1. Please list, ordered by residue number, the helices (runs of 4 or more DSSP H) wholly in the stretch 29-111 having 3 or more residues that are buried (at least 19 other Cβ atoms within 10 Å of the Cβ) and in the same structural domain as A186 (by TED's automatic domain parsing).
2. For the stretch 157-201, what are the residues that are within 17 Å of F389 (Cα to Cα), touching a Pro at 6+ places or on another chain (Cβ under 8 Å) and of a type in the set (G, A, S)?
3. Among the residues of the stretch 139-164, count how many are part of a helix (DSSP H, G or I), touching a residue at least 40 places away in the same chain (Cβ under 8 Å) and among the aliphatic types (A, V, I, L, M).
4. Only one of S133, S120, S143 is hydroxyl-bearing (S, T, Y) and within 22 Å of P419 (Cα to Cα); which?
5. Out of all the residues in the stretch 263-272, is one or more assigned to a helix (DSSP H, G or I) and at pLDDT 90 or above?
6. Scan the stretch 212-227 residue by residue and report those that are in a helix (DSSP H, G or I) and surrounded by 20 or more Cβ atoms within 10 Å (Cβ to Cβ).
7. Between residues in the stretch 291-319 that are at positive phi and residues that are of a type outside the set (V, I, T), which pairs lie under 6 Å by C-beta distance while being six or more apart or on different chains?
8. I'd like the residue in the stretch 393-426 that is out of contact with any Pro (no Cβ under 7 Å at 6 or more places or on another chain), surrounded by fewer than 18 Cβ atoms within 10 Å (Cβ to Cβ) and not basic (K, R) and, out of all such residues, is nearest to G372 (Cα to Cα).
Amino acid sequence: MRLRAGLDEVAARPWASRWGRGAAAVLAGAVPAPAFPAPSLWWLAYVALVPWLLLLATAPTGRRAALYGWLGGTGFMLAVHHWLLPNLHVFILVLAALLGLLWAPWGWLVRWAFAEARRSRGRALLACAVVPSGWLLIEVVRSWEGLGGPWGLLGAGQWQVAPALRVAALGGVWLVTLLVVAVNTAVALLVVVPPVRTAAVVALGVCGVAMGSAWMWVPPPETVGRVRVGVVQPGVIGGPDGPERRFARGEELTRTLAGRDVDLVVWGESSVGADLATRPDLSARLAALSREVGAEVLVNVDARRSDLPGIFKSSVLVGPRGPTGDRYDKMRLVPFGEYVPARAVLGWATSVGRAAEEDRRRGTRPVVMAVGEGAELRVGPLVCFESAFPDMSRRLVRDGAGLLVAQSATSTFQQSWAPAQHASLAALRAAETGRPMVHATLTGVSAAYGPDGARVGAPLGTDRSAAAVYDLPLAAATTPYARFGDWAVWAALAVLAGTAVTAVVGRVRRTPAPGSPVRPARTARGSAARPGR
């Protein structure tokens with residue numbers, strides 16, 4: 001009660017409403033950031049939105065709530081993408097402010113939902129469904145590649161929580177996000193609307209039961225075999241001759257895997273700097289490595305193609321006799337890092353930060369590669385931030401992939417939170433699909449995860465130049481998410497649509513028809529004010 005009274009008192013101060021609360025909204029939006037790696041304070045996610053929700057719920061007007069939603073969204077985007085500052089410089093402020101606009105309608109929605117929650121316990125329970133659904137819709141929209149992709153989805157902070165990974169197997173990272181925001185909403189209701197604390201406690205119980213039910217109803221994938229994957233991480237190698245020296249270091253590390261009974265060797269993104277069709281010497285050296293270690297080598301070529309115009313980033317499988325013909329061209333590119341959206345308009349970004357001087361070209365389809373003499377292992381490759389997209393790994397599994405591989409390079413961001421956060425995404429993709437996943441990088445963090453999303457073996461940090469072997473269990477069962485897809489997103493849309501229709505119908509019913517008599521108001525003494533007196 002004291003906290004609520006304090007919030008109402010602050011809301012009544014014009015200066016606080018315009019400046020202090022605006023600054024507080026920016027800071028409140030940034031609070032969830034430590035829930036992601038590297039800090040990995042996963043527990044923080046369940047209360048991190050509460051300060052922001054309190055500001056929105058006590059906003060004096062709906063317009064002000066939308067403003068606080070925008071400012072909080074800007075703070076959130078700045079916090080989860082702060083590691084891009086050396087590359088984008090001041091341009092990151094522009095991008096954060098533009099993307100932050102997605103939270104403006106959510107700010108209005110939160111204020112409306114909390115106002116409705118004061119009316120009854122049932123409406124309080126509705127708020128615990130509406131507010132998370134609104135947040136999830138924002139995450140879906142900003143997950144579009146052109147807006148930067150699904151980096152920093154709130155549910156992704158639960159990558160190391162086993163019950164949350166079971167929830168991901170049930171409904172993807174989207175369902176995890178819904179539960180996390182629902183918990184935040186219930187906690188905020190306990191503070192702002194004490195009369196409905198029973199409903200808030202019920203909502204918290206429902207979230208706990210949902211996570212517990214996923215733990216019980218979604219069993220861990222049953223093991224049907226094992227695969228040994230060698231990961232080669234050469235480390236930070238720069239300079240004008242960097243590609244050649246990086247290739248040589250990759251060769252040296254790969255030779256250490258000889259005699260270790262590996263089934264596949266994976267190099268990181270951009271590990272080969274020339275098209276293998278124009279450099280038969282590189283193809284021959286890779287084929288020799290494959291014969292030496294007794295396994296095929298999956299490299300990543302970042303070069304201008306000889307058969308097509310432009311530069312591609314491609315996963316290429318090389319066997320004892322050279323390239324096998326299996327090739328995957330990266331389909332989803334990093335905005336500004338690999339291409340500049342609307343270059344004719346935004347091309348000036350190349351002079352402000354480290355934006356791509358030339359746009360990379362896109363692949364047209366996902367590829368599942370057959371590995372081994374009997375082609376018994378089928379591998380689905382992804383490149384760089386494609387591992388952040390749940391639909392891509394799901395498509396590969398539905399196409400028959402038994403092992404997911406992400407090839408990445410984070411050399412630009414070695415001293416930031418980005419490498420650890422990028423590697424953690426593979427845990428979610430593994431849990432969602434029920435397939436093991438390997439995240440192989442040039443400079444760390446490289447890691448591997450079993451089909452239940454649990455980490456296997458020790459990761460290779462950003463300070464390592466080494467090769468490691470991961471013994472991974474294989475699974476064949478199909479998870480509910482792999483089978484049914486993004487049903488949690490459609491459920492959230494249904495909640496929002498149903499709430500909107502109900503609100504409109506209710507308002508129409510409360511509005512008197514034109515010309516209908518209006519019930520006279522009562523005076524302080526209880527008598528009706530009658531015309532003509």
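The values are calculated or read from the model by the stated rules, or taken from the named source; none is laboratory data. Not measured: the values here are computed from a predicted model. Using ideal geometry, Cβ is built from the backbone for each residue, glycine included, and neighbour counts are taken over all protein chains shown.
1. So the answer is 50-57, 62-80, 91-100.
2. Answer for the stretch 157-201, where residues must be within 17 Å of F389 (Cα to Cα), touching a Pro at 6+ places or on another chain (Cβ under 8 Å) and of a type in the set (G, A, S): G157, A169, G171, G172.
3. 6
4. S143
5. no
6. Hit for the stretch 212-227 is A214, nothing else.
7. From the stretch 291-319, the pairs are G310/R361.
8. Of everything passing the filter in the stretch 393-426, G400 is nearest to G372 (Cα to Cα).
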